[in-house]
Amino acid sequence: MSAMMSPILAHAQTTTYPNKQIRMVVPYPPGGPTDLTARVVAAEMSNALGQSIVVDNRPGASGMIGAEMVARAEPDGYTFLANASLHVINSYIYPDMRFDALKDFEPITQLAAVPLVLVVPVSSPIKTVKDLVEFGKKNPGKLNFGSAGNASAQQLAGESFKSVAGIEMQHVPYKGSAPALADLVGGQIQLMFDSMPSAMPFIKSGKLRPIAVTTVKRAQALPDLPTLAESGYPGFDIATWYGYWAPKGTPAAIVEKLSQAASTALKKQNVIEQYAGMGAEPVGSTPAEFARYNAAEAVKWEEIVRKSGAKAN
C-alpha cells in the first residue's frame, strides 16, 4: 500500500466503520476477571455500534499469546485486545517478549480498577492474616499460592506479601484465574490473591473465605473485610485494572469510536450493577488518558517487580 493511498483508505474505513463483526481477543480462559469485566461492556458496545463483538479466548504464556495476536492483527478496528494490568507488567518479567506493550498498541480505554482479595478455602483453618503468617512460620514450605500466570498482579501481590511477612510461599502459575480458583476450592493450593470479579462468586457461594484486600482502602463490595495495611502491613497497596487496546496504526477516529462506545456502556445501570457485584469500579477513560495511565503504571509496576524479586518460573 502506498503512503499516498493510506490516508484515503483510512478515511474510507472510518466513515463506514463498523460494517462487519468485531473480534475481542481475551488472552485468558472464560470465567476469569479479564473475561468477565470485558464481556459485560462488549455486550453493550455491540448494541451501540450496531455490530456483534465476538469474544475470542486465547489463553497462555501469561496473556502474551493473545496480546501478540492482536499486535500483529490488521489495524482496522475489527480486532482489539481486552487485557489486565499484566499487559504492561510482562515486559519486566519476560525480557525477550516479541512485542512492546506500550509501542505496539493503541490504548482505547480503561474499563475498571479492581482490588485483589486474599482468599483461602472455606475448609482452611486460616481465618485471619495473623493466622496465615503464624501457619507459614510454623509450616515452612507448606503454603502454595496460585495466580493467573507469571507476572500477574496476583503473583506480585503474593511475592510482595511473603517478603513483608517473612514467610515461605511457593508460587503456582495457572493459565488464568478460573483454573487457579478451581484448584484452590479443591485444596490443591492453599491461598490466592485474586481479582475481585472472579473471586466474588466463590465468596458469595461460601466456597472461599476472604481474609483481606490488598488496597489501602477497603473494597466497596466487601466493606467489613480489613485491608492488609490494617492487618499489620502498612503501605501495602496492590490492585489490578482492565482495559481495551487496538493494534498500533488503527485510525484515531476508530479508536475514539470504540472508546466512546465503551465509556457509554460503563455508564449503563446494568453494567454498573454487574461491576459492583464483581467488586470492580468502572472507569471509562479517553484514549489519551489511558495512554498516560499505561506509561505511569509501567513505571510503578517495574518498581514492584524489582522489589518483589518475581521471576518467570
ask   = Residues Val129, Val133, Val114, Val122: which one is at pLDDT below 95 and either within 30 Å of Asp224 (Cα to Cα) or of a type in the set (D, E, K, R) (or both)?
value = Val114
Whichever residue in the range 17-34 is in contact (Cβ under 8 Å) with a residue 40 or more places away in the chain and out of contact with any helix residue (DSSP H, G or I) (no Cβ under 6 Å at 6 or more places or on another chain) and, among such residues, is nearest to Leu81 (Cα to Cα) = Arg23
remark   = Of those in the range 65-107 that are at pLDDT 95 or above and among the charged types (D, E, K, R), the residue surrounded by the most Cβ atoms within 10 Å (Cβ to Cβ) is Glu106
key: Residue that is modelled with the lowest pLDDT, among those in the range 227-267 that are more than 23 Å from Gly50 (Cα to Cα) and hydroxyl-bearing (Ser, Thr, Tyr)   = Thr240
task = Would you check if Gly249 is more than 30 Å from Glu134 (Cα to Cα) and either in contact (Cβ under 8 Å) with a residue 60 or more places away in the chain or of a type in the set (Asp, Glu) (or both)?
result = yes
ask   = Across the range 162-190, what is the total count of residues that are assigned to a helix (DSSP H, G or I) and in contact with a strand residue (DSSP E or B) (Cβ under 7 Å, 6 or more places away or on another chain)?
value = 6
inquiry  = Against the conditions (1) modelled with pLDDT of 90 or more; (2) more than 22 Å from Ala298 (Cα to Cα), where does Gly141 fall short? Just the number, please.
reply    = (1)
ask   = Of all residues in the range 242-289 being hydrophobic (A, V, I, L, M, F, W, C) and outside any helix (DSSP H, G or I), which is farthest from Val117 (Cα to Cα)?
value = Ala246
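The values are calculated or read from the model by the stated rules, or taken from the named source; none is laboratory data. Predicted, not measured: the structure shown is a model, and the values here were computed from it. We place every Cβ from the backbone using ideal geometry, glycine too, and count neighbours over all the protein chains shown.
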